[in-house]
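J.: Quick one: structure below, then a few questions.
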Amino acid sequence: MSGYHESKEHSSKMTEKERCEKARELCMVMSFARLQDALKDGVVALCTAAGLTVLQAMMQEQVIELTGPKGKHNKDRDCYRHGTEPSKVVLGGRKVPIERPRVRTIDGHEVPLEIYELVKDDNSLLERAMELMLHGLSSRNYKQALEWELDGEPGSTSKSTVSRNFIKATRKEAERLLHRRFDDLDIPIVMIDGVRFAEYHVIIAMGITIDGTKRILGLRIGSAENATVCKDLLTDLQERGLHASDGLLAIIDGSKALRSALKLVFGNRVLIQRCHVHKLQNVLDYLPKEQKPWVKRKMRQAWSMDDAGEALQALRSLATSLGSNYPDAAASLREGLEETVTVLRLQISGLLRQTLRSTNAIESLNYQVKSRTRNVKNWKNGSMVQRWVAAGLLDIETCLRRVKGFRDLPMLKSEVRRLTVGITDGAGNAWESA
């Protein structure tokens, strides 16, 4: 009996902090068997079960701070316990059920628990749904992909819930992409290309900063790559901070509408480089199979020269030799010919020059966007296309590498400025050297 009285006396002398610590230890011990069972389902299930255990302990500790120890009367208290309520928190990419303790003030007003308020939002669920679906998981298979349940309770991951979460998350990403500014970025190069989704044609602009980093600038959706859509895209980029005060190098596939829009928005401050891959294919399409190898070899030899004048002379000579038998091939070669040697006019290294001879960098970007949208079988409207493409682009952007030869980009900027200084704009005003 004496041992009992000693234990009771010791308990009465425990501080409130010690009681909280004891409660937390007891909570962890009681949950240990549950954590062992969770480990059988994998590390993710274990971490989630452990997180719930800690969360419950933290909520109980906050309840004690607000109401005092349970079972001990306190006439000066401002709050009291009000039972529990079934609730859900987001853990591991899904909503998990918990029993949330409730607290009320003496006059009957609900007191929110700060710990619960921090974890009840579904931002992580939105991000998780978007991440998985962009990488090929369908909404109907989202629940199965998580591969675990907690205490036999399925989370709120139905097809419709995941779909709504994805729409909400991608709409947020689209807003972020279409409104972010570039005032503080030095972007001497822009690549523009289009990609088609059903009847929707998406024009994407990607910038290359002075340190070689690739940045997604914006997009526009239309039925075709026409001058109006291109102009609206470029005007929007200009309003958001993309400028050509020091000149701008644009790499395009040869679209006349896009070229016209670039000149209309930036005037002569923009230098245009036509993609060699597209130009080569356009010319070869006019030739019979037996003529293609030698023409391809001649064109590549010309573009590999270091001098732009010599390259132009070689290409014009090739066009002349094709003129009699294949006039359309010759006309295709002559069209925009000088813009295929723009990078040869710049005093830059062969590595950077090779990178800027084609639209391969943005073509690769378009391929990755297509890959992330491969599960979509029915594009309902342009808004859906915009959301998916914007979310895909921002996801891809985090993985993009710097361009090869990026150390020569300051030299490229100086060269672009050199080639545009002294050229007058449409109003006849001369630009001053920087």
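The values are calculated or read from the model by the stated rules, or taken from the named source; none is laboratory data. All values derive from a computational prediction rather than experimental measurement. Cβ placement follows ideal geometry from the backbone for every residue including glycine, while neighbour counts extend to all protein chains displayed.
J.: Considering only residues that are over 16 Å from I189 (Cβ atoms), out of contact with any strand residue (DSSP E or B) (no Cβ under 9 Å at 6 or more places or on another chain) and of a type in the set (S, T, Y), which ones fall in the range 219-275?
T.: Within the range 219-275, T235, S260 qualify.
J.: Find all pairs meeting these conditions: Cβ atoms under 9 angstrom apart; at least six residues apart or on different chains; first residue within the range 323-341 and on the phi < 0 side of the Ramachandran plot and crowded, with 17+ Cβ neighbours inside 10 Å; second residue in a loop (DSSP other than H, G, I, E, B) and charged (D, E, K, R).
T.: Once the first residue is on the phi < 0 side of the Ramachandran plot and crowded, with 17+ Cβ neighbours inside 10 Å and sits in the range 323-341, its partners that are in a loop (DSSP other than H, G, I, E, B) and charged (D, E, K, R) give A329/D285; S332/D285; T340/R357.
J.: Here is a list: K143, K95. Which entry is modelled with pLDDT under 75, outside any helix (DSSP H, G or I) and not assigned by TED's automatic domain parsing to the domain that holds L393?
T.: K95
J.: Does D236 satisfy the criteria of being in contact with a Lys or Arg (Cβ under 7 Å, 6 or more places away or on another chain), surrounded by fewer than 21 Cβ atoms within 10 Å (Cβ to Cβ) and part of a helix (DSSP H, G or I)?
T.: Details: in contact with a Lys or Arg (Cβ under 7 Å, 6 or more places away or on another chain): no; surrounded by fewer than 21 Cβ atoms within 10 Å (Cβ to Cβ): yes; part of a helix (DSSP H, G or I): yes.
Considered against the rule, which asks whether it is in contact with a Lys or Arg (Cβ under 7 Å, 6 or more places away or on another chain), surrounded by fewer than 21 Cβ atoms within 10 Å (Cβ to Cβ) and part of a helix (DSSP H, G or I), D236 comes out as no.
J.: Same structure again: Conditions first: (1) at pLDDT 95 or above; (2) aliphatic (A, V, I, L, M); (3) part of a helix (DSSP H, G or I). I251 passes all but one, so which condition is the exception?
T.: Single failed check for I251: (3).
J.: Based on this model, can you work out whether V385 counts as assigned by TED's automatic domain parsing to the domain that holds M299, farther than 26 Å from L248 by Cα, outside any helix (DSSP H, G or I) and hydrophobic (A, V, I, L, M, F, W, C)? Please lay out each step first, then the result.
T.: Details: assigned by TED's automatic domain parsing to the domain that holds M299: yes; farther than 26 Å from L248 by Cα: yes; outside any helix (DSSP H, G or I): no; hydrophobic (A, V, I, L, M, F, W, C): yes.
So V385 does not fit the description; no.
J.: Same structure, new question: Return the only residue of I192, I252, I216, I203 being surrounded by 19 or more Cβ atoms within 10 Å (Cβ to Cβ), without any contact (Cβ under 8 Å) to a residue 60 or more places away in the chain and out of contact with any Phe, Trp or Tyr (no Cβ under 8 Å at 6 or more places or on another chain).
T.: Details: I192 fails: without any contact (Cβ under 8 Å) to a residue 60 or more places away in the chain; I252 fails: without any contact (Cβ under 8 Å) to a residue 60 or more places away in the chain; I216 fails: without any contact (Cβ under 8 Å) to a residue 60 or more places away in the chain.
Being surrounded by 19 or more Cβ atoms within 10 Å (Cβ to Cβ), without any contact (Cβ under 8 Å) to a residue 60 or more places away in the chain and out of contact with any Phe, Trp or Tyr (no Cβ under 8 Å at 6 or more places or on another chain) holds for just one of I192, I252, I216, I203, which is I203.
J.: Hey, any hits in the range 349-368 for a residue that's farther than 19 Å from R220 by Cα, at pLDDT below 90 and either surrounded by 14 or more Cβ atoms within 10 Å (Cβ to Cβ) or in the same structural domain as L280 (by TED's automatic domain parsing) (or both)?
T.: So far as the range 349-368 goes, yes, one or more of its residues are farther than 19 Å from R220 by Cα, at pLDDT below 90 and either surrounded by 14 or more Cβ atoms within 10 Å (Cβ to Cβ) or in the same structural domain as L280 (by TED's automatic domain parsing) (or both).
J.: For the range 315-331, give me each residue that is in a helix (DSSP H, G or I) and of a type in the set (S, T, Y). Walk me through how you get there before you give the answer.
T.: Filtering the range 315-331 for residues in a helix (DSSP H, G or I) gives 315-323, 327-331.
Within the range 315-331, S317, T320, S321 meet the criteria.
J.: Give the residues of the range 345-362 that are more than 16 Å from C399 (Cβ to Cβ), assigned to a helix (DSSP H, G or I) and out of contact with any Phe, Trp or Tyr (no Cβ under 8 Å at 6 or more places or on another chain), sorted by residue number. First the steps, then the outcome.
T.: The first filter runs over the range 345-362 and keeps only residues more than 16 Å from C399 (Cβ to Cβ), leaving 345-360.
Filter once more, keeping what is assigned to a helix (DSSP H, G or I): 345, 350-356, 360.
Matches in the range 345-362: R345, G350, L351, R353, Q354, T355, L356, N360.
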